[in-house]
1. Leaving out ligands and nucleic acids, and using a 1.4 Å probe, what accessible area per residue does the chain come to in Å²?
2. Could you state the number of Å between the C-alpha centres of the stretch 187-254 and the stretch 26-77?
3. What share of all Cα pairs of the chain, in percent, falls into each consecutive 20 Å distance bin?
4. Compute the Cα gyration tensor for the stretch 301-451, then decide on rounded, prolate or oblate, letting a ≥ b ≥ c be the square roots of its eigenvalues: rounded whenever a/c is under 1.5, prolate when a/b is larger than b/c in the other cases, and oblate in all that remain.
5. Compute the distance in nm between two label points, each set 7 Å from the Cα along the Cα-to-Cβ direction, one at VAL36 and one at GLU110.
6. To make sure I understand the rule: partners must be aspartates and glutamates, Cα under 15 Å from the Cα of LYS245, and not fewer than 8 residues away in the same chain. Which ones qualify?
7. Based on the Kirkwood radius over alpha-carbon pairs, what is the Stokes-Einstein translational diffusion coefficient of the stretch 192-328 at 25 °C with 0.890 mPa s viscosity, in µm²/s?
8. In deg cm²/dmol, rounded to 500, what helix-only [θ] at 222 nm does the chain give when every DSSP H run of at least 4 residues adds -39500 (n - 2.57) and the total is split over its residues?
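The values are calculated or read from the model by the stated rules, or taken from the named source; none is laboratory data. Keep in mind it's a predicted model, so treat the numbers as computed, not measured. Every residue, glycine among them, receives a Cβ derived from its backbone with ideal geometry; neighbour counts consider all protein chains shown. Quick note on the areas: whole protein, heavy atoms, side chains included, nothing else; ligands and nucleic acids left out. Shrake-Rupley method; radii C 1.70, N 1.55, O 1.52, S 1.80 Å.
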Amino acid sequence: MTDTEELADSQNLVDIFNGALAAVDPYNAVLKAAKVEGDQLRIAGAKYDLAAFDRIIVVGAGKATARMALAIESLLVSKIDEGLIVVKDGHIAPLSIIEQVESSHPVPGEAGVAGTKRILEMAHAAREKTLLICLISGGASALLVAPVAGVTLPRITLQDKQEVTCWLLNAGAAIAELNAVRKHLSMVKGGRLAQAAWPAQVVTLIVSDVIGDPLAVIASGPTAPDDSTFADAWAVIVKYGLQEKLPPRVVDYLQRGIAGRVAETVKENNPRLDKTRNIIIASIHQAMAAAQEKSAQLGFVTRMISDTLQGEAREAARFLAQAARAELAVMKPNERRCLLCGGETTVTVRGTGKGGRNQEFALAFALEIEGCQGVTLLSASTDGTDGPTDAAGAMVDGRTTTWARSLGIDPISHLDNNDSYAFFQQFDAVTGAHSHFKTGATGTNVMDIQIVLLNPNHFKKSS
């Protein structure tokens, strides 16, 4: 973005984003959903008599799971017999009872495999008088990793799953498509964690990072029934033309599944899910409502554009830029407006650069509004990490790309090369601006938020 005077609204962008984050803090979300009164654990209307259980086990995975676990420890204290969660590298919390394993994301790693193996062992050891509390948040699909294996089956390796994940991510596959494939290559996803814990009581607390909050898609549904099939998984492979690119073992396994020679994921009405309850405790909806409230407090007339924004990042950016221009055209004198979007876009990687969907969104948006006064945007991931970078996203305005060109930094070539990170890095280094938005790990994860501030009178005064 530009100099301090011209970016007076940048702090408003940050304040609105932080207001949204506060509303989906996993620690507070757990404490709001769950209460302990004597020996009664109450969660979303359900009651669990803690005295009736011989063992209480806490397991889970995800970017927000450490703070969820911290809340569970504060509620149950010494009643927890054992626990283990798998979190993204750097997303830990100061836990005293529940163990934490850090692993890589979005491509699964060895630490995730080892941690998931221990979680499955805990689940298999559960008995009828065991209460298994499962904590799930976005990122768990890559962190909760147990490649399928069997005596008569082709053994899927971690490397196989890494290759499949990379191919699908780079192809721009939607999260539901990616997870349909991952569920059918896993011994823990698609309801199989709950199946492994049967006949224990299982209660899963979920921070959703998926549009519409479908239980089967969030974290690939380790404790939820799965409505996707091997045929659906294969259809995703065909859609993106990956049949000849995947490891032969993966292709063989999926084909066996289609032929009915491999057991499907756990389906609706399976009796081994009868003792499992899944509860969503936070999602993009709370974050967007809080962002709307904060922007109104700051004096903006606020409009929710969409909380289901998806598709290619640059196409979604064009859509939001058009909405911003339309709003500017009908604004009253001295009026300030805020447009809000939430969701999760995708990027089809065609270049060799480095970036993430929010940085690509911001750069594409800047190009779309070039020369348009009074428009600023923040596009950022609520988990604090945008793609394989240390940025959560980026802030831009109608002068960002013009200024960049004057400095010899070509925004179009960077966008074409999927190199948005380098664009903002160079721009900030030369100008001293703070276009790159860096928060570090936020401890939560409810997809992405786009905030557009329309304040043309400010720019007229400062120009």
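1. On the way: 17740 Å² over 463 residues.
Averaged over the residues of the chain, the accessible area is 38 Å².
2. The stretch 26-77 and the stretch 187-254 have Cα centres spaced 25 Å from each other.
3. 25, 52, 22, 1
4. Working: a/c = 1.57, a/b = 1.16, b/c = 1.35.
Because a/c hits 1.5 or more and a/b fails to exceed b/c, the stretch 301-451 counts as oblate.
5. 3.7
6. Within reach: ASP160, GLU163.
7. Numbers: Rh = 18.7 Å.
Calculated translational D: 132 µm²/s.
8. Only helices count here, giving -11500 deg cm²/dmol.
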